[in-house]
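Below: the structure, in C-alpha cells.
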Amino acid sequence: MDIQDLFHSCKLGDLQRLQYLVEIKEVEIDVRDKWDSTPLYYACLCGHRDIVEYLLEKGAKCEANTFDGERCLYGALTDEIRNLLKNYNVISSRTIRRDLYEEFLRRLLDSSLYSDAVFSVHGEEFHTHRCLLSARCLFFAQMFKTKWHDKAVVELNHSQMSPGVFKSILQYLYTGHMEVAMDLVSDCLKLAKQCQLTGLISELEDRMKKAQSWESSKLGVKVTTLVLEPVKGSDDVQRDLAQLAHWALPEELTSWIVGELPFEPETMPLTYPDVCFIVDDHRFMCHKAFFCGRSDYFKALLENHFGENENSGNIPVVYLHEVSIDVFLRILTYIYSDSADLNPEIVSDVLVAADMYLLPGLKRLCGTSLMEYVDSSNVANMIRTSRLFNLSRLESHCAEFIANNLPEVIHQEEFRQLVVEDASNVKEREETDTIDIVDEIRYYISSFVLTYSEMEEANEKLKLIDNLLEELDIEG
C-alpha cells in the first residue's frame, strides 16, 4: 500500500505526502512498478520539479547514459527538469548512512581491509575475501579448496579477461549490483558462464534486451552503461551470506538454524574464519571483515585488543560475557545477512545488545519489530523506549497510533503521565513553546484530511487533546 502511495504522490506532486512516506515510513524510493518505471520517472514525466529535486536529494538513481537516466531525461516534461537532471551532483543520503548493509558491502569490496585473497588481472590487483566469495559462488568455493588453495596471489591473464570485467563480476558478488560498460557486457556474460552464475546471466541478457529496445525506439539515445539492481523482494546476497552465520555456529548449535542451504556436506566450502567468539562456552568461528566492518564496538575490541582476548593458533579468541546465546545468535545473523528473527520475548534484549554493540541498523530492525506489538496499554512506554534508543520511526508510529485511537488512549494513566513529563521538560516556557508528544499527535490528526467527515472527526480529536491539557493545567 505504501509503495502505491509513493507512486501516486510522485504523479500528483504531493510533496508533503512523499516526505512522510520516505522519512517516516522509510519507503524505498528506487522501487519499480510493472512497467519497470520508478517514482523519479513519473515525477519527471508529470513535470513536478520539487518532487524531482527531493527524490534526487534522497539518492534516487539517475546516472547519465544508463537506461533509467536516459529514460528520465527523455520523458522530462520541461527543460527545467531536464537541466536539473543533467546538472545534479549528489552524494546519496542512503550512501552516507554507514550502517546500511549495501554500503558496508561496497566498502568491503573497495578496501583491502581483512582481505585474504588477491587476484591479479593483467597486473591490476583486487583484494577480496575468501569467505564471501565462497558463500556467493560455488565456482570460487571449489577453486579456493583446490587450485587456489595455497596461492597468495591468483594470476588471471587470459586474453578475454580484463580488469573491468573482473571488477564488475566482483561488484555483483559482493553487492548484488553491477555497473558495466556496454562494450564489456559480452565478456561479462562469458565470465559469468564460467563461474556458473546463472542468475547474473539471466539478468544481464534481460537488461541488454531492454536497453537495446529502448535505443531502437528513441532516435539519438545511446545507453553506454548497463546497470543491474537487485529485483524488488530479492534477497540473494543476504541469503548467501547468511550461510556464513550458519557455518560460524558450533556443531552443538547447528540445529538452531532452520532452512535448507545450497551446499551438500561433501561440497561444503572452507569458511576461513579469523576470529573466535566464545559465548556461554560455545565457540563461534567468525570473520573480522564482517564484525569490524559493521560495528565500531567490535572494531575497537579486535583491533585495539580491548577486552578479554587470547589466541588459539593464529586466530584471536574473544569472550563475550554480557550477552546470552539467544541474543548473540540474532546479532550473528544480522551482522552477516542484515536480518534477524525477532519476537516479543527476545526483541527488547536484542535492542539493548544492539545499542551496546553499536549496531544502529539492528536497532532499527528492533524498532520495526516493536511497532507490530504497539497497543493502547503499552504505547506510552513504547514512546519512552523509542526515545531512549533514538528510534524516531517507532516514536512516530506510536504518535500515529495514538492519533488513530485517541478516545481509547487518552484516559490511560501512562499516557497522561507522558504528557506531563513532556510538558515539564520544556524549560522557561514561553508562548511559542510546545509539547513534543502533543505536537506529534496533532500532526497525525490534522494531516491528510480529505473529506468533510474526516475534518469533523479530526476536530473532535483535537478537542479531546485541548480538554486533557486543560484538565492537567498545562498550556500547549
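The values are calculated or read from the model by the stated rules, or taken from the named source; none is laboratory data. The structure displayed is predicted, hence computed values, not measured ones. A quick note on method: Cβ atoms are made from the backbone with ideal geometry, for glycine too, and the neighbour counts reach across all protein chains shown. We work out accessible area using only protein heavy atoms, side chains counted, and drop any ligands, DNA or RNA first. Shrake-Rupley method; radii C 1.70, N 1.55, O 1.52, S 1.80 Å.
Assorted remarks:
- The long axis of helix 198-217 is offset from the longest Cα principal axis of the chain by roughly 70 degrees.
- 14 Å beta-carbon shell around His122, net charge (K/R +1, D/E -1): -3
- Cα centroid separation - the range 380-451 against the range 2-28, whole Å: 23 Å
- FRET efficiency, 1/(1 + (r/R0)^6) with R0 60 Å, evaluated for Lys145 and Tyr74 via beta carbons: 0.75
- Loop-located trypsin sites (Lys or Arg not before Pro) in the range 398-468, at most 15 other Cβ atoms within 10 Å (DSSP): Lys427, Arg429
- Rounded, prolate or oblate (a/c below 1.5 giving rounded, otherwise prolate when a/b exceeds b/c) for the range 128-232 by Cα gyration tensor: prolate
- Subtracting the Cα-Cα distance of His321 and Gln16 from 0.36 nm times their residue separation leaves 105.1 nm of extension gain.
- Each Lys or Arg adds one and each Asp or Glu subtracts one; over the other residues with Cβ under 13 Å from the Cβ of Gln19, this totals -4.
- Long pairs among Lys25/Lys222; Lys86/Lys288; Lys61/Lys190, criterion Cα-Cα beyond 32 Å: Lys25/Lys222; Lys86/Lys288
- Integer Hz, Karplus 6.51/-1.76/1.60 couplings in order for the range 245-254, x for Gly and Pro: 5, 5, 5, 6, 5, x, 4, 5, 10, 4
- Between the range 320-375 and the range 135-158, the alpha-carbon centres lie 35 Å apart.
- Compared with the direct C-alpha span, the chain from Gln194 to Ser424 gains 76.1 nm at full extension, assuming 0.36 nm per residue.
- Summarising the label geometry, the points placed 7 Å from Cα in the beta-carbon direction at Gln238 and Asp50 lie 3.4 nm from one another.
- Considering only beta bridges that DSSP places wholly inside the range 5-156, some 55 percent are antiparallel.
- Taking only alpha carbon atoms, the range 1-44 gives an Rg to Rh ratio of 0.92, where Rh is the Kirkwood radius.
- Nearest-0.05 FRET efficiency for Glu155 and Asp116, computed from C-beta distance (R0 22 Å): 0.85
- Checking the Cα-Cα distances for Lys34/Lys210; Lys363/Lys461; Lys299/Lys363 against a 24 Å cut-off, the pairs over it are Lys363/Lys461.
- Global geometry of the range 8-91, whether rounded, prolate or oblate, following the gyration tensor of its Cα atoms and the 1.5 cut on a/c: rounded
- Excluding exposed DSSP-loop GluC sites (Glu not before Pro) (at most 16 other C-beta within 10 Å), longest clean stretch of the chain: 64-259
- Residue-averaged [θ]222 nm for the chain, counting only DSSP H segments that reach four residues, each worth -39500 (n - 2.57): -16000 deg cm²/dmol
- All Cα-Cα separations within the range 314-435 were binned at 10 Å from zero, giving a P(r) of 12, 36, 28, 16, 6, 2, 0, each value a whole percent of the pairs.
- Here the calculated FRET efficiency for Ser447 and Ser186, from their Cβ-Cβ distance with R0 = 51 Å, stands at 0.45, rounded to the nearest 0.05.
- Reduced Cα scattering model of the range 328-370, Debye log10 I(q)/I(0), q = 0.27 Å⁻¹: -0.91
- Take the Cα of Asn390, step 7 Å toward its Cβ, do the same at His8, and the gap between the two points is 3.5 nm.
- Remark: spin-label model distance Glu372-Glu125 equals 4.7 nm, labels positioned 7 Å along the Cα→Cβ axis.
- Average accessible area per residue (Å²) across the chain - probe 1.4 Å, nucleic acids and ligands excluded: 51 Å²
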